[in-house]
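One structure below.
The values are calculated or read from the model by the stated rules, or taken from the named source; none is laboratory data. Given the structure is predicted, the values throughout are model-derived calculations rather than measurements. Cβ coordinates were reconstructed from backbone atoms using ideal geometry, including for glycine residues, and neighbour counts include every protein chain displayed.
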Ligand SMILES: Nc1ncnc2c1ncn2[C@@H]1O[C@H](COP(=O)(O)OP(=O)(O)OP(=O)(O)O)[C@@H](O)[C@H]1O
């Protein structure tokens, strides 16, 4: 899928403008605070995702013109559809004139984004890697988001009971099938992610690395349901003593190593950024394998901290991906790379132009 035309009104600092996007690689160049992230955020919302930073929906409406913010897009590709997103105190989405949910829209237009903080995928806490996996799994199967929500609700309840100094087998019984489902699904996606990483990383990273999922204190048993019960039995005393739930998908992590060492120790910042981008591109491959649709890729400040060679490698890899990629950068020199294979857009004070 790809954005063919967009139009926005009253969205943050963005000036109303009709844009006909290039089907391949697009680069939005502009100084700080010009509206690059806002542009990518508006595009991401048109694909059914939420705000980049937590806050009220009302904060997305232009401060000087209270009312509604409206985003429009025509998508082409595996399907030709028009999408309208209206934002005020709540968000409403319509696809081809009919109201629909964000998760349904995400299935029509799979979109993966990489925000400047996502470089922490390699060096940050396990929660960041779990979020990455959750985002990918939910893009492919909307039911995943529902199961995750149910699991988190049960987990909160279990922790509440543990804090009260009790242990409740009924909660465990309710949690077990959901935990087993999440573990199985995550593992199948990580297996595909490894295939995707093999395909994309040779163009992007010059070092070998290993990836695997580390399931939250799970003992090895073929059947994940059995593994959940057996691991819980093993950790029961410790859970009661520490008053916290220690076994389950909420403790999962993606183990990323280079020559047996954690990647965050073994790699420079630029290398970590390249590896994070490789993960993002590999996840786009997974979406393509599973949904049989080309994903749209949104990248914010992805070339920061890369040397000239790294930037050229990345641009080449993005160009050759055959996906629609829209990337934003403050790096004015990027557009001047020789034979630059992208459509360059300029943004200044919220006004986007060719
Ligand atoms: N609701 C709003 N109405 C009007 N302006 C807003 C609103 N919300 C945010 N802004 C402004 O949008 C401006 C641009 O933000 P954005 O994050 O897109 O910049 P950027 O081009 O990505 O900058 P940087 O290169 O520094 O990351 C900010 O200066 C912010 O004050």
Checklist outcome for this item: Scanning the stretch 46-63 for residues that are within 7 Å of the ligand (Cβ to nearest atom) and out of contact with any strand residue (DSSP E or B) (no Cβ under 9 Å at 6 or more places or on another chain), the one nearest to residue 132 (Cα to Cα) turns out to be 59
Item to check | Number of the exception - residue 13 against (1) away from the ligand (no atom under 14 Å from the Cβ); (2) more than 29 Å from residue 278 (Cβ to Cβ); (3) surrounded by fewer than 21 Cβ atoms within 10 Å (Cβ to Cβ) | outcome: (1)
Next on the checklist: Can you tell me which condition residue 130 does not meet? The list is (1) buried (at least 18 other Cβ atoms within 10 Å of the Cβ); (2) within 14 Å of the ligand (Cβ to nearest atom), and all the others hold.
Outcome noted: (2)
Next on the checklist: When you scan the stretch 265-277, do you find a residue that is under 23 Å from residue 22 (Cα atoms) and touching a residue at least 60 places away in the same chain (Cβ under 8 Å), even just one?
Outcome noted: yes
Checklist entry - For the stretch 252-354, which strands (runs of 3 or more DSSP E) that fit wholly inside it have 3 or more residues that are within 16 Å of the ligand (Cβ to nearest atom) and surrounded by fewer than 19 Cβ atoms within 10 Å (Cβ to Cβ)? => result 343-348
Checklist outcome for this item: Looking across the stretch 240-251 at residues that are assigned to a helix (DSSP H, G or I) and touching a helix residue (DSSP H, G or I) at 6+ places or on another chain (Cβ under 6 Å), the single one that is surrounded by the most Cβ atoms within 10 Å (Cβ to Cβ) is 249
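State whether one or more residues within the stretch 208-223 are part of a helix (DSSP H, G or I), in the same structural domain as residue 160 (by TED's automatic domain parsing) and surrounded by 17 or more Cβ atoms within 10 Å (Cβ to Cβ).
no
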Item to check | Residues that are within 23 Å of residue 96 (Cβ to Cβ) and within 12 Å of the ligand (Cβ to nearest atom), drawn from the stretch 16-42 | outcome: 42
Checklist entry - What are the residues in the stretch 64-99 that are touching a helix residue (DSSP H, G or I) at 6+ places or on another chain (Cβ under 8 Å) and within 16 Å of the ligand (Cβ to nearest atom), if any? => result 69, 71, 85, 87, 88, 89, 91
